[in-house]
Amino acid sequence: MSEPATIAVIETVIEILPPRPALGGTLVICDCCRQRRYACEFDEDACGICSECLESDAMPIDL
């Protein structure tokens, strides 16, 4: 019989990035609706989703 093989463990690292600035830094692209919004329309904890999308019940799949 052959010896047991060592099991390779792969760690998955997920990095959450802040919204990317578009065209000069004052506009940000929403990760949900893909519309350009002003940076003030985003909450700090919204992870790139504008406040309009947060207030609605629509999911990206529904759009």
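For Thr26, Thr12, which order do you get if you count the other beta carbons within 10 Å of each Cβ and list the fewest first? Please list the in-between numbers first.
On the way: Thr26 11, Thr12 4.
Ranked by crowding around the Cβ, least crowded first: Thr12, Thr26.
So how do Val28, Val13 line up by other beta-carbon neighbours within 10 Å, fewest first?
Ranked by crowding around the Cβ, least crowded first: Val13, Val28.
For the pair Leu27 and Glu15, how long in nm is the line joining their label points, each one 7 Å along Cα→Cβ?
Between Leu27 and Glu15, the label points sit 2.6 nm apart.
Laboratory data are not the source of any read-out in this text; all were calculated from the coordinates shown. Please read these numbers as outputs of a predicted model, since none were measured by experiment. Here the Cβ is made from the backbone with ideal geometry for all residues, glycine too, and neighbour counts use every protein chain on show.
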